[in-house]
Amino acid sequence: MKKRILLFIGTILLAAGTLPAQAQFNVANKIKNKVNQKIDQKIDKTIDESLEGKKSTNNKNAATTDEAATNGGAGSAPETEAGRMKAWTKYDFVPGDKVMFSDNLAGEEVGEFPSRWDLKHGNAEVAVLGDEKVINLVQSSTSITPLMKGENWLPETFTIEMDVFFDSDNGNVAYEIFLVSDQKTYKEEVHGDFWNPIDIRANQLRFKTFGSESEELAAKEVKNQWRHVAISFNKRSMKVYLDEHRLINIPNVNGKPTGLRIEVDKRIDANTMIKNVMIAQGGKKLYDQVLADGKIVTYGIKFDVNKATIRPESVGTLASIAKLMQEQPELKFSVEGHTDSDGDDTSNLKLSQQRAEAVKTYLVDQGIAAERLAAKGHGEAKPIDKNNTPEAKSNNRRVEFVKL
């Protein structure tokens, strides 16, 4: 047994040599803690399986966190672009149409507390994982909330999105999303059920007695990966998604959500990080937008950084557009890509054109006739908001469907 443990430690230490230094995670201490758990407590099923050699591995070594970032939360093994998109075909989440809060941590200094958040408890800092900045929720019970004006700032219709990180599917790690900014301001007659958090684990979601585990996600073997969380609230109904799976669907929730607080509850040594937090206000139905404005402005079509590769969480918005065009066969659209003012003008123009063409290609693949679609990139030339805040820049990064 000791020989097997020493061999396990040696293998992990060799793999750990590839970890990026700036991520600043103490790998040696992690290994020590996990081995001690196996020997002394025997409560961590994931570590137990790894030590006994029961865990199947595709690469013979544990994936590094850098590899996890590259996988983008698609599972323990990389998937093709087509495979990623196909897995999300039933995803029907569509973000709101006006960004209220968005934080990609641009300009933040590594090792410092993120400037657009408030710390309620614990310890949090900006870290780097792979080539992305993240918020590292260092210890259990760490609690953060976005800096917003007033206490009751959530509208009656809104969406919230974020990515959360899991080392494994160990049930002793949970993220808790509260829709009240501070528990001290909770009033039962106003907030009702929202004293309770949305409990997020690697493969499941819970809110009070609602929610479930995804058998599909549980079967994929979580290993150093991101999960995409999406919350849609409309007056009294609430839907919550974990990756492509809708695991909470409540038609009538008691109480009013008024803010956002993110906490972490971990009973083991584990990395807990979040990124890409975006809150948007809900708005008009798609066809009503066409009738009123002659176009549809979308924020749900997302791309890999500095690429024209459509991310799988875009499927809900794209499916809505495809459905509208199928129901309204007379509609023709110019698909128009827009960027914010960051970066080189020429590069932004080229990228926006490539992204518009990628969206057109996707819709054609879904059965929309090519002659009903045009594609044009405008780069940063047509902002709809000032480029002086993260939210304004998020509003400018958009794909529009302009009626022809």
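The values are calculated or read from the model by the stated rules, or taken from the named source; none is laboratory data. None of the values given here were measured: they were computed from a predicted structure. Counting neighbours? That spans all protein chains shown, and the Cβs are built from the backbone with ideal geometry, glycine included.
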Out of all the residues in segment 104-131, which are acidic (Asp, Glu), out of contact with any Asp or Glu (no Cβ under 9 Å at 6 or more places or on another chain) and buried (at least 16 other Cβ atoms within 10 Å of the Cβ)?
Glu108
Take Lys275 and decide whether it is assigned to a strand (DSSP E or B), out of contact with any helix residue (DSSP H, G or I) (no Cβ under 6 Å at 6 or more places or on another chain), modelled with pLDDT of 95 or more and not aliphatic (A, V, I, L, M).
yes
Matching residues, segment 242-258, being of a type in the set (D, E, K, R) and at negative phi:
Glu244, Arg246, Lys256
All positions within segment 235-256 that are in a strand (DSSP E or B), of a type outside the set (Lys, Arg) and surrounded by 14 or more Cβ atoms within 10 Å (Cβ to Cβ)
Met238, Val240, Tyr241, Leu242, His245, Leu247, Ile248, Asn249, Ile250
Here's a check for you: in segment 348-377, which residue that is outside any helix (DSSP H, G or I) and touching an Asp or Glu at 6+ places or on another chain (Cβ under 6 Å) is surrounded by the most Cβ atoms within 10 Å (Cβ to Cβ)?
Ala375
Checking the condition without any contact (Cβ under 8 Å) to a residue 60 or more places away in the chain and hydrophobic (A, V, I, L, M, F, W, C), which residue from Ile177, Ile231, Ile198 passes?
Ile198
What number of residues in segment 102-141 are part of a strand (DSSP E or B) and either at pLDDT 95 or above or in contact with a Ser or Thr (Cβ under 8 Å, 6 or more places away or on another chain) (or both)?
17
Working only within segment 365-404, note down all residues that are within 27 Å of the chain's Cα centre (by Cα) and more than 30 Å from Arg116 (Cβ to Cβ).
Asp365, Gln366, Phe401
Residue in segment 190-224 that is modelled with the highest pLDDT, counting only those that are surrounded by 21 or more Cβ atoms within 10 Å (Cβ to Cβ) and of a type in the set (Lys, Arg):
Arg201
For residues that are within 25 Å of Ser232 (Cβ to Cβ) and surrounded by 22 or more Cβ atoms within 10 Å (Cβ to Cβ), tally how many sit in segment 326-336.
2
Identify all residues within segment 308-323 that are part of a helix (DSSP H, G or I), touching a residue at least 40 places away in the same chain (Cβ under 8 Å) and polar (S, T, N, Q); write none if there are none.
Thr317, Ser320
Does segment 279-301 hold any residues that are within 16 Å of Ser394 (Cα to Cα) and modelled with pLDDT under 90, and which are they?
Gly282, Tyr299, Gly300
Those residues of segment 198-222 which are under 18 Å from Ile268 (Cα atoms) and of a type in the set (Val, Ile, Thr) amount to Ile200, Val222
Residue pairs, Cβ under 8 Å, 6 or more apart or interchain, first in segment 148-162 and surrounded by 15 or more Cβ atoms within 10 Å (Cβ to Cβ), second of a type in the set (Lys, Arg) and not in a loop (DSSP other than H, G, I, E, B). List them.
Met162/Lys275
Whether any residue in segment 327-337 is touching a Leu at 6+ places or on another chain (Cβ under 6 Å), at pLDDT 95 or above and over 18 Å from Arg398 (Cβ atoms) is what I want to check.
yes
Just checking, how many residues over segment 338-363 are within 23 Å of the chain's Cα centre (by Cα), hydrophobic (A, V, I, L, M, F, W, C) and either assigned by TED's automatic domain parsing to the domain that holds Val94 or closer than 17 Å to Lys393 by Cα (or both)?
1
